[in-house]
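Take a look at the structure below.
The values are calculated or read from the model by the stated rules, or taken from the named source; none is laboratory data. On a predicted model such as this, the values are computed, not experimentally measured, just so you know. Note that each Cβ is placed from the backbone with ideal geometry, even for glycine, and that neighbours are counted across all protein chains shown. The accessibility values were calculated without ligands, DNA or RNA, using every heavy atom of the protein model including side chains. Shrake-Rupley method; radii C 1.70, N 1.55, O 1.52, S 1.80 Å.
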Amino acid sequence: QVQLVESGGGLVQPGGSLRLSCTTSGNIFGLYDAGWYRQAPGKQRELVATITSGGSTNYGDSVKGRFTISRDNAKNTVNLQANSLKPEDTAVYYCNLHHALFRDLWGQGTQVTVSS
């Protein structure tokens, strides 16, 4: 069974940076689109960023210009570089793999807290 393992969350001050990583087991990673979503308390899960299997990227409006998504297919890893963090970026961040023919895969989530 494929597992997604996120890392890199934590507490950071406003204006600071974090790098989130998500690593998968198995050999399927390169076939999937990958993405990061987040969910703050009392709010719906929202798109942060996605990257297709071909490398095309898409970002949520609230993170454009501050966050960068990347992938390394050789390492079965998708990364999210989050800069200029704001308190409103506080949320649980989830890694996602998507393929049109198969069910979506989700990680367990990693907490990001932006606070002084």
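Taking the Cβ of A40 as the centre, find all other residues whose Cβ is under 15 Å away and add up their charges (Lys, Arg: +1; Asp, Glu: -1).
Numbers: positive: R38, K43, R45, K86; negative: E46, E88, D89.
Combined, the nearby Lys, Arg, Asp and Glu give +1.
Assuming R0 = 22 Å, what is the FRET efficiency of S84 and V5, from their Cβ-Cβ distance, to the nearest 0.05? Spell out each step's value before the answer.
Working: r = 26 Å, r/R0 = 1.20.
Once rounded, the FRET efficiency stands at 0.25.
In Å², what does the accessible area per residue of region 22-81 work out to with a 1.4 Å probe?
On the way: 3100 Å² over 60 residues.
Result: 52 Å² per residue.
In whole percent, and with a 1.4 Å probe on the protein chains, what portion of the accessible area of the chain is carbon and sulfur? Display every interim value, and only then the final one.
Values: 2970 of 6200 Å².
The nonpolar share, carbon plus sulfur, comes to 48 percent.
Counting Lys and Arg as +1 and Asp and Glu as -1, each charge on the Cβ, what is the dipole of the chain about the Cα centre in debye, to the nearest 20? Write out the running numbers ahead of the final one.
On the way: 10 positive and 8 negative charges, 17 e Å.
Charge dipole, the chain, about its Cα centre: 80 debye, nearest 20.
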